[in-house]
Amino acid sequence: MSKSNTYLVITPFFPSNQSFVGSYIFDQINEISKQSNFVIELVKVVSFFSFEKNYSYKGFNVRVFKLIDFPFFILPGFFNYLNKIRFKSFLRKNNIINIKFSHSHVSYPSSYLAEDLECYKIIQHHGLDVLQLSNGRNKFIRNMQKGFLIRNTINQLNYADINIGVSDLVLQQLRNYKTYNPQKEFVLYNGVDRSKFFKKETSKNDFFTIGCIANFWKIKDQITLIKTIQKILEDGINIKLRLIGSGSTHKYCMNYVFENNLSKYIIFEEEIAHEKLNDFYNCIDLFVLPSYYEALGCVYLESWATNTSFIGIEGQGISELLPKNDRKYFLAKKQSVESLKKKILTAYNIRRSYPFNLKYDIKNTIYNFLSLDFFQKYD
């Protein structure tokens with residue numbers, strides 16, 4: 001592939017020295033850069049009122065484009081005609097030329113901005129709310145603009161050359177819309193950078209230790225995990241839970257732990273840099289994330305890569321990566337303390353080794369992605 005070919009990445013998420021959000025996108029772009037001769041250009045989309053400026057991160061220059069939009073996700077795309085003109089001017093100003101591929105992360109606003117670019121258009125979907133219908137603070141406005149958002153976004157997706165999901169479950173959400181008629185689809189699982197996540201020798205824990213890393217949101221359901229640990233402790237089994245994350249349900253979970261005298265066994269920890277998570281996974285005996293609305297979950301694969309067993313929830317994206325005969329060990333029922341308790345105690349009593357499947361090493365997932373036919377047109 002010619003070095004003059006530009007691979008333009010448009011994303012609202014990308015890590016910086018101050019934030020770890022979007023680390024999985026960095027890993028993906030970094031591996032694409034290693035395996036191709038593309039000139040990688042990265043544009044981070046932020047609010048027009050953001051104070052964020054251009055910055056560099058681990059070899060990538062991140063250019064910040066400020067989007068004109070109504071606040072609180074009201075009528076997203078209303079100013080798209082103006083934003084597309086501004087975006088083309090932005091690209092020229094930053095000498096981003098010879099664009100052969102645009103890779104838009106999430107439908108809005110990234111794919112909207114790339115609409116008029118003369119290039120091969122890739123749109124990648126990371127969540128189950130693919131059309132972002134639950135975004136916004138006001139329920140009345142969300143319902144009012146639902147048809148507007150569905151119609152406009154589906155048009156963008158049908159126009160794209162390929163729609164990518166981080167699991168087939170993600171793409172299935174789109175297939176539920178009768179007007180969705182993609183030109184091509186591809187499942188690109190979030191591969192694991194094995195230089196970051198690997199098995200290492202650590203000292204043994206005094207108690208069987210469970211870890212959980214996630215935003216504290218209702219759908220992540222840390223409270224069910226906390227109540228499950230409480231039940232196990234009541235049975236006289238010494239067990240410890242380490243929770244990392246922040247969010248809207250964090251205070252509620254902390255209060256529950258305090259009010260039920262569980263602070264000795266359940267610990268809330270500060271968020272840590274992505275590259276330091278390997279130590280965390282290696283220091284626990286089991287990783288558990290009881291999220292019941294999960295497109296895939298990078299944390300499951302990261303834990304797996306360290307040879308630390310994990311437990312998720314039935315019917316989520318991670319189930320696609322597990323052989324059917326093994327799912328009974330790794331997947332619990334949604335919001336069920338009894339089901340989760342059973343899975344945890346099975347892992348407690350039988351320390352099962354489950355070697356990582358190298359198919360999900362990021363070197364291999366990206367190799368398969370770059371082997372798609374449309375990339376060969378520009379080889």
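Points to keep in mind about this one:
- When the strands (runs of 3 or more DSSP E) confined to segment 150-264 are screened for residues that are open to solvent by 30 Å² or more (accessible area, probe 1.4 Å) and under 26 Å from GLU294 (Cβ atoms), those reaching at least 3 such residues are found at 185-187.
- When ARG142, ARG137 are checked against the criterion of being basic (Lys, Arg), out of contact with any Lys or Arg (no Cβ under 7 Å at 6 or more places or on another chain) and in a helix (DSSP H, G or I), a single residue qualifies: ARG142.
- Of all residues in segment 264-282, exactly one satisfies the criterion of being over 23 Å from SER309 (Cβ atoms) and either touching a helix residue (DSSP H, G or I) at 6+ places or on another chain (Cβ under 6 Å) or aliphatic (A, V, I, L, M) (or both), namely ALA273.
- Of the strands (runs of 3 or more DSSP E) lying entirely inside segment 13-113, those containing at least 3 residues that are closer than 23 Å to VAL170 by Cα span 99-105.
- Contacts under 9 angstrom Cβ, first residue in segment 328-352 being under 14 Å from LEU225 (Cβ atoms) and polar (S, T, N, Q), partner at pLDDT below 95 and open to solvent by 80 Å² or more (accessible area, probe 1.4 Å), 6 or more apart: none
- Per-region count, segment 351-370, residues over 13 Å from ARG194 (Cα atoms), open to solvent by 40 Å² or more (accessible area, probe 1.4 Å) and assigned to a helix (DSSP H, G or I): 2
- One residue stands out in segment 70-99 among those that are in contact with a Ser or Thr (Cβ under 9 Å, 6 or more places away or on another chain) and open to solvent by 40 Å² or more (accessible area, probe 1.4 Å): the one that is modelled with the lowest pLDDT, namely PRO71.
- Note on segment 25-56: residues that are over 16 Å from LEU8 (Cβ atoms) and either more than 19 Å from the chain's Cα centre (by Cα) or modelled with pLDDT under 95 (or both) amount to 11.
- Within segment 272-325, the residues that satisfy the criterion of being more than 16 Å from the chain's Cα centre (by Cα) and assigned to a strand (DSSP E or B) are LEU286, PHE287, VAL288, PHE310, ILE311, ILE313.
- Some residue of segment 328-344 being basic (Lys, Arg), farther than 30 Å from SER102 by Cα and within 21 Å of the chain's Cα centre (by Cα): yes
The values are calculated or read from the model by the stated rules, or taken from the named source; none is laboratory data. All values derive from a computational prediction rather than experimental measurement. Reconstructed Cβ throughout: ideal geometry from the backbone, glycine too, with neighbour counts over all protein chains shown. Accessible surface is based on the protein model in full, side chains and every heavy atom, while ligands, DNA and RNA are left aside. Shrake-Rupley method; radii C 1.70, N 1.55, O 1.52, S 1.80 Å.
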